[in-house]
Amino acid sequence: MAAQTTQDFNARLFDLRLERSRDDLFGMVERLYGHRPDYTRFTEELIAALRAAWDARPEHLKWRDMQRDLEPDWFQRPGMNGYVFYIDRFCGTLDKVPEKLDYLEELGITYLHFMPCLKPRPGDNDGGYSVMDYREINPDLGTMADLEAVTRACHDRNISVCIDLVLNHTAKEHEWARKARAGDGRYRDYYFMFPDDMVPKAYESTLVDIFPESAPGNFTFYEDMDRWVWTTFNEHQWDLNWSNPQVFLEMVRVMLFLANRGIDVLRLDAPAFLWKRMGTRCQSEPEVHVLLHALRAASRIAAPAVIHLEEAIVGPGEMIPYLGRGEHSGKEGNLAYHNSLMVQFWSALAARDTALMSHVLGKHFPPVLSNATYATYLRCHDDIGWAVTDADAGAVGISGAGHRAFLSDFYDGTFPGSFARGAPFQVNAQTGDKRISGTCASLAGLEQALNHGNAHEVDTAIDRILMGHALIASWGGIPLLYMGDEIAALNDYSYRDQPEQARDSRWLHRPRMDWAGVAGLGAAPDSPAARVHAGIRRILARRAAVPGFHGKVATEVLDTGRKGLFAFARHAATGPIICVFNFTEDWSGLPASWFAGHGASKCHDLLSDTQVKSRDGGVALPPYARAWMI
Ligand code: GLC
């Protein structure tokens, strides 16, 4: 009898959840697939897939669903602090992750992103983003059972877990691709295959090259099939054809399978590319947002504890829709990378000028987001592309091309007087585009300072690093620390000797975690690693203690009238918090009246938790100062 009741309860709960999101799901998929003769069957299969996933969902995750229904802002809270790592480079294998949780917890971490851990193709696999089986873990890292055990261990400590889901392509070794290659018509429709190069050439005329050096062009010819295949990224990554409803269905099943392993955040990889339209760049087409809205609804029905992080590394104007605009408001990505905040941080740091930063962040980003927030970061596993538009540069009186070239030269260290030590990534000879690799510490000047043996330069580099972290901890959103950045890891040049990595300078900033260094932090509190570690730990702890840093609180860029200073207000209900950052190695300051005018009259800095007014009533801002004033 009791079992019967539980079953009824579960079934009724599913029906309620389906009703709640019915329009979001079917309103969207109908637009994409409604014209197809098999549409009705597709919708039946879709509902069956959702119901099957819900039925299979473990009880403890259904409780998590309930908890998150009651606390839907869980991911917007100031206590959320993220950490991103490659499992092998961080601790070897999945089953070792729990041993590192004390370390992460002490740092203040409540969210972990395990970099690609699903089974990749053998050989070069684009750092794991060339997946051949979405239902298996990379055998070098462990098993699905390990993943489930690790997520439970994380949940026990109130840590949420994020993994990657690559939607745009599969490895050419994936079962679907192998069947397609063998001539199975059903699976050929999962990909884009062309009998000759006429259509590919027509598309190519408006496409951009993502990896112009290592994988030029967007199509690959396979002699055995006598077919051209769409391969936006690398040859071994075959783009999926999302105009085929079967692809949608397959991916919903995969998504919910992973959700049922205990995953809290699905990082949807490279979603901008999901929809192709002749005559366009085939990026961020309107259908992409329709698709992402539908996928979000599917999760919300069958695994409501799960949220989506959308990895759209695009220009400022193009990015916000990934967090849901217009009809998709509150219904698309819950999180998206704040690529512009990252780019503008490095840009202002090199230029010692915040005009472009203030313009871009003030103009393109709304003060509040509905049911969404940013993933803020300074560095990640990828390169930095200078996503600065000509129009934005022009608005502050500089040349877009000139500024982008300056930033590239500055960060690869060739610009005279540069403090940075990075490396170029995928230089595009045609467009002059030059992206940049390098760790946070090396780009911020620590590597050069240590090479020079110059203590003052070391201090300055540490201040740059800490200012950046104070920025991403206060803007709004979950700050994501990239592994090793908290101990000021420097560039790792060893990739140059690895044949599979040598052509991809992103390995420069993917060093192994230096656990010996971590063990030595206490014994050498004055080392750069220990100072950065202590500084970041403090920043995260202070952030967690400030309710006004909740993701729902509006962010407004302020004019300081000083070109080296960047400032914004977080408009908390208890009064504004004025966050100020000095992007130069010179002293600066603002009158106390400026702060008071913006509602911060106490001149109390929440970050250092001290009073900071000077004798003459001004607030002095030392080189690379960061302050959260009330
Ligand atoms: C994303 C990943 C990147 C990868 C690409 C292709 O941008 O972050 O590392 O190369 O997708 O999957």
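The values are calculated or read from the model by the stated rules, or taken from the named source; none is laboratory data. Owing to the predicted nature of the structure, the values given are computational and were not obtained by experimental measurement. Note that each Cβ is placed from the backbone with ideal geometry, even for glycine, and that neighbours are counted across all protein chains shown.
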Quiz item: From the list V360, V368, which residue is more than 16 Å from the ligand (Cβ to nearest atom) and part of a loop (DSSP other than H, G, I, E, B)?
Solution: V368
Practice problem: Identify all residues within segment 175-186 that are crowded, with 20+ Cβ neighbours inside 10 Å and out of contact with any Ser or Thr (no Cβ under 9 Å at 6 or more places or on another chain); write none if there are none. | Solution: A180, R181
Quiz item: So A405 clears everything in (1) in contact (Cβ under 8 Å) with a residue 12 or more places away in the chain; (2) closer than 17 Å to A355 by Cβ; (3) in a helix (DSSP H, G or I) except one condition, right? Which one?
Solution: (2)
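Sort out which residues of segment 560-575 are outside any strand (DSSP E or B) and under 28 Å from the mean Cα position of the chain (by Cα), and write them in order of number. If you could, list the steps in order and put the result at the bottom.
To start, the set of residues in segment 560-575 that are outside any strand (DSSP E or B) comprises 560-564, 573-574.
Listed by number, the list holds a single entry, G564.
In segment 223-234, how many are among the charged types (D, E, K, R), under 12 Å from F194 (Cβ atoms) and part of a loop (DSSP other than H, G, I, E, B)?
Pass one, segment 223-234, residues among the charged types (D, E, K, R): 223-224, 226-227.
Subsequent filtering for residues that are under 12 Å from F194 (Cβ atoms) retains 226-227.
Still in the running and part of a loop (DSSP other than H, G, I, E, B): 226.
Result for segment 223-234: 1.
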Practice problem: Check whether at least one residue in segment 232-241 is surrounded by fewer than 22 Cβ atoms within 10 Å (Cβ to Cβ) and away from the ligand (no atom under 15 Å from the Cβ), and report yes or no. | Solution: yes
Exercise. Kindly indicate whether R537 is modelled with pLDDT of 95 or more and closer than 26 Å to L606 by Cβ.
Key: yes
Quiz item: Scanning for something touching a strand residue (DSSP E or B) at 6+ places or on another chain (Cβ under 9 Å) and more than 16 Å from the ligand (Cβ to nearest atom), does segment 324-335 turn up at least one residue?
Solution: yes
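Against the definition (of a type in the set (F, W, Y), within 13 Å of the ligand (Cβ to nearest atom) and surrounded by fewer than 22 Cβ atoms within 10 Å (Cβ to Cβ)), how does F211 come out, yes or no?
Numbers: of a type in the set (F, W, Y): yes; within 13 Å of the ligand (Cβ to nearest atom): yes; surrounded by fewer than 22 Cβ atoms within 10 Å (Cβ to Cβ): yes.
The answer is yes for F211.
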Self-check item: Failed criterion for R435 (all others in (1) within 23 Å of E486 (Cα to Cα); (2) within 16 Å of the ligand (Cβ to nearest atom) hold)
Solution: (1)
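Among residues belonging to segment 425-458 that are of a type in the set (V, I, T) and modelled with pLDDT under 95, point out the one that is surrounded by the most Cβ atoms within 10 Å (Cβ to Cβ).
Here is the first cut: in segment 425-458, the residues of a type in the set (V, I, T) are 427, 431, 436, 439, 458.
This time we only want the ones that are modelled with pLDDT under 95, so: 427, 431.
Working: V427: 14, T431: 12.
It comes out as V427.
Can you say whether N125 is within 24 Å of H509 (Cα to Cα) and out of contact with any Phe, Trp or Tyr (no Cβ under 9 Å at 6 or more places or on another chain), as far as the supplied structure shows?
Details: within 24 Å of H509 (Cα to Cα): yes; out of contact with any Phe, Trp or Tyr (no Cβ under 9 Å at 6 or more places or on another chain): yes.
Taking the combined requirement at face value, the residue satisfies it.
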Exercise. Could you please give the count of residues in segment 518-533 that are more than 15 Å from M483 (Cα to Cα) and either surrounded by fewer than 19 Cβ atoms within 10 Å (Cβ to Cβ) or within 16 Å of the ligand (Cβ to nearest atom) (or both)?
Key: 9
Self-check item: Some residue of segment 584-595 being buried (at least 22 other Cβ atoms within 10 Å of the Cβ), at pLDDT 95 or above and within 32 Å of the chain's Cα centre (by Cα)
Solution: no
Self-check item: Among residues of segment 259-282, those that are farther than 25 Å from R51 by Cα, touching a residue at least 40 places away in the same chain (Cβ under 8 Å) and surrounded by fewer than 24 Cβ atoms within 10 Å (Cβ to Cβ), counted
Solution: 9
Quiz item: Has segment 86-106 got at least one residue that is of a type in the set (S, T, N, Q), touching a residue at least 12 places away in the same chain (Cβ under 8 Å) and surrounded by 23 or more Cβ atoms within 10 Å (Cβ to Cβ)?
Solution: no
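Of the residues P576, P547, which single one is buried (at least 20 other Cβ atoms within 10 Å of the Cβ), out of contact with any helix residue (DSSP H, G or I) (no Cβ under 7 Å at 6 or more places or on another chain) and either of a type outside the set (S, T, N, Q) or farther than 19 Å from I109 by Cβ (or both)?
On the way: P547 fails: buried (at least 20 other Cβ atoms within 10 Å of the Cβ).
Answer to the check: P576.
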Exercise. Within segment 191-203, identify whether any single residue is surrounded by 22 or more Cβ atoms within 10 Å (Cβ to Cβ), among the aromatic types (F, W, Y), within 29 Å of H60 (Cα to Cα) and within 16 Å of the ligand (Cβ to nearest atom), and answer yes or no.
Key: no
Practice problem: Quickly run through segment 170-179 and pick out the residues that are more than 16 Å from the ligand (Cβ to nearest atom) and in contact with an Asp or Glu (Cβ under 8 Å, 6 or more places away or on another chain). | Solution: E175, W176
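V306 - would you say it is crowded, with 24+ Cβ neighbours inside 10 Å and away from the ligand (no atom under 16 Å from the Cβ)?
Values: crowded, with 24+ Cβ neighbours inside 10 Å: yes; away from the ligand (no atom under 16 Å from the Cβ): yes.
The answer is yes for V306.
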Quiz item: Pick from segment 505-517 the residues that are more than 16 Å from the ligand (Cβ to nearest atom) and in contact with a helix residue (DSSP H, G or I) (Cβ under 6 Å, 6 or more places away or on another chain): which of them is nearest to S214 (Cα to Cα)?
Solution: R512
Quiz item: Within segment 51-65, which residues are of a type in the set (D, E) and over 27 Å from the mean Cα position of the chain (by Cα)?
Solution: D55, E59
Quiz item: From S329, S347, which residue is more than 15 Å from the chain's Cα centre (by Cα) and over 28 Å from G432 (Cβ atoms)?
Solution: S329
Quiz item: Applying the selection to segment 371-385, what residues are within 16 Å of the ligand (Cβ to nearest atom) and either part of a loop (DSSP other than H, G, I, E, B) or polar (S, T, N, Q) (or both)?
Solution: L378, R379, C380, H381, D382, D383, G385
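Can you say whether F425 is aromatic (F, W, Y) and over 30 Å from M115 (Cβ atoms), as far as the supplied structure shows?
Values: aromatic (F, W, Y): yes; over 30 Å from M115 (Cβ atoms): no.
No: the conditions fail for F425.
Answer yes if at least one residue in segment 409-422 is closer than 25 Å to G128 by Cα, more than 16 Å from the ligand (Cβ to nearest atom) and small (G, A, S), and no otherwise. Walk me through how you get there before you give the answer.
Residues of segment 409-422 that are closer than 25 Å to G128 by Cα, as a first pass: 422.
Still in the list and also more than 16 Å from the ligand (Cβ to nearest atom): 422.
Checking which are small (G, A, S) leaves us with 422.
Yes: one or more hits.
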Quiz item: Quick one: T220 ticks every box in (1) assigned to a strand (DSSP E or B); (2) within 16 Å of the ligand (Cβ to nearest atom); (3) touching a residue at least 40 places away in the same chain (Cβ under 8 Å) bar one, so which box is it?
Solution: (3)
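Return yes when Q4 is exposed (fewer than 12 other Cβ atoms within 10 Å of the Cβ) and either farther than 15 Å from A297 by Cα or under 29 Å from the mean Cα position of the chain (by Cα) (or both) and no when it is not. Steps first, answer last, please.
Values: exposed (fewer than 12 other Cβ atoms within 10 Å of the Cβ): yes; either farther than 15 Å from A297 by Cα or under 29 Å from the mean Cα position of the chain (by Cα) (or both): yes.
For Q4, the condition - exposed (fewer than 12 other Cβ atoms within 10 Å of the Cβ) and either farther than 15 Å from A297 by Cα or under 29 Å from the mean Cα position of the chain (by Cα) (or both) - is met.
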